[in-house]
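Laboratory data are not the source of any read-out in this text; all were calculated from the coordinates shown. A quick note: this is a predicted structure, and the numbers were derived from the prediction, not measured. Here the Cβ positions follow ideal geometry from the backbone for every residue, glycine too, while neighbour counts run over all protein chains shown.
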Amino acid sequence: MISTPRYGRKTRKRYGKTEQQTRELYECPTCGKKKLRRRSFAIFVCKSCNSVVAGGAYRANTEAGDTARRAVIAYMQGQLSAEEGS
Ligand SMILES: [Zn+2]
């Protein structure tokens, strides 16, 4: 949290919430353990299996990321059924 009296209450509050999200541990998509830690901008590393995952800028999962993931899964399933048909 910013401890100077700058920027106003709302901005400081929002910054504190975002910073807290960067410190949280998230669920690893590879091993399923809650050991995914933010290393850098949008880069998350699992402390258990050492896999590196791209995520949101400040947290591992975002609404936009979920939408993209669903789109990719739907596309892959379409590809698979198309290959089975031929
Ligand atoms: Zn892991």
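Rounded to the nearest 10 degrees, the angle from helix 9-23 to the longest Cα principal axis of the chain is 50 degrees. Can you tell me the 0 to 90 degree angle between the C-alpha axis of helix 63-85 and the longest principal axis of the chain, rounded to 10? It works out to around 10 degrees. Loop-located GluC sites (Glu not before Pro) across segment 13-86 with a Cβ neighbour count of 15 or fewer within 10 Å are E24, E27, with loop assigned by DSSP.
Annotated for the chain: lysine pairs at least 8 residues apart or interchain, Cα distance under 26 Å, count 7.
The helix-only estimate of mean residue ellipticity at 222 nm for the chain, built from DSSP H runs of length n ≥ 4 each weighted as -39500 (n - 2.57), is -15000 deg cm²/dmol after division by the residue total. Taken about its Cα centre, the chain carries a charge dipole of about 1000 debye when Lys and Arg each add +1 at the Cβ and Asp and Glu each add -1 at the Cβ.
Sites count as exposed loop sites when they are chymotrypsin sites (Phe, Trp or Tyr not before Pro), lie in a DSSP loop, and have at most 14 other Cβ atoms within 10 angstrom; the longest stretch of the chain without one is 42-86. Mean-square fluctuation check for the chain, GNM, Cα pairs under 10 Å: which of A68, A42, A60 is largest? Checking each option, the largest mean-square fluctuation is seen for A68. Measuring nothing but how far apart in sequence close Cα pairs (under 8 Å, 6+ apart) lie, relative to its length, segment 2-86 scores a relative contact order of 16 percent. Taking the charge dipole of segment 25-85 about its Cα centre, with +1 at Lys and Arg Cβ atoms and -1 at Asp and Glu Cβ atoms, the residue from Q77, F44, G55 reaching farthest to the positive side is F44.
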